[in-house]
1. Would a scan of the range 85-104 turn up a residue that is under 14 Å from the mean Cα position of the chain (by Cα) and either surrounded by 20 or more Cβ atoms within 10 Å (Cβ to Cβ) or touching a residue at least 12 places away in the same chain (Cβ under 8 Å) (or both)?
2. Can you spot a residue in the range 54-77 that is at pLDDT below 95 and at positive phi?
3. Across the range 107-126, what is the number of residues that are in a loop (DSSP other than H, G, I, E, B) and closer than 17 Å to GLY44 by Cα?
4. Do we find a residue being of a type in the set (S, T, N, Q) and out of contact with any Lys or Arg (no Cβ under 9 Å at 6 or more places or on another chain) anywhere in the range 89-98?
5. Scanning for something over 13 Å from the mean Cα position of the chain (by Cα) and not charged (D, E, K, R), does the range 40-49 turn up at least one residue?
6. For the range 1-59, enumerate the residues that are among the acidic types (Asp, Glu) and either over 21 Å from PHE69 (Cα atoms) or touching a Ser or Thr at 6+ places or on another chain (Cβ under 6 Å) (or both).
7. Taking the range 19-73 on its own, how many of its residues are of a type in the set (Ser, Thr, Tyr), surrounded by fewer than 18 Cβ atoms within 10 Å (Cβ to Cβ) and touching a residue at least 24 places away in the same chain (Cβ under 8 Å)?
8. Within the range 1-18, restricting attention to residues that are surrounded by 10 or more Cβ atoms within 10 Å (Cβ to Cβ) and among the hydrophobic types (A, V, I, L, M, F, W, C), which residue is modelled with the highest pLDDT?
Amino acid sequence: MKKPEPVQVVKQRRDAALHALVDHVPYIKYLGLGFDRRGDELTGVLPFDEKLIGNPLLPALHGGVTAAFLEVTAIITLSWSYLWEDIESGSLDFDIGGEIKLPRLPKTVDFSVDYLRSGLPRDAYARARINRAGRRYASVHVEGWQDNRDKLFAQATGHFVMPQRR
């Protein structure tokens with residue numbers, strides 16, 4: 001019988017895979033977007049920055065930033081679930097430099113955002129729920145909030161073309 005891996009090794013592998021996904025997209029770095037991981041669940045975190053304000057009179061987060069935040073959360077969550085079995089089994093592929101070989105990111109077919117209230121000048125959070133993920137197509141719902149999880153400031157639904165398995 002195979003001895004189970006130490007918890008720390010599994011956590012390091014999960015963190016390395018998540019960092020590889022996030023570091024792969026320059027716009028994620030520009031926004032300052034990060035992800036909080038608890039087991040297989042991801043929460044997108046958008047720390048407040050003045051550059052994210054669209055209307056300085058209110059002030060309110062720019063609608064494009066809000067949409068991008070929700071879409072990136074959906075794509076990273078889809079990619080995370082796509083890689084989950086490889087992460088858990090330790091069968092991730094690595095290139096010559098020791099970096100994780102990532103599949104292509106899912107491609108957005110459509111993405112519809114509902115702006116429910118103004119995004120305030122503070123940190124924002126988002127969590128995606130995958131409604132359906134097949135070999136070729138996925139449907140995802142994303143909710144964004146700030147201070148109170150029950151008071152969403154935006155939500156979105158998106159459809160994506162999934163990358164081909166190697």
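1. no
2. The answer is no, given that none of the residues of the range 54-77 is at pLDDT below 95 and at positive phi.
3. 5
4. Yes, that holds for at least one residue.
5. yes
6. Passing the criteria: GLU5, ASP36.
7. Residues that pass the stated criteria total 2.
8. Going through the qualifying residues, I end up with LEU18.
The values are calculated or read from the model by the stated rules, or taken from the named source; none is laboratory data. No experiment lies behind these values; they were computed from the predicted model shown. With ideal geometry, Cβ positions are generated from the backbone for all residues, glycine too; neighbour counts draw on all protein chains shown.
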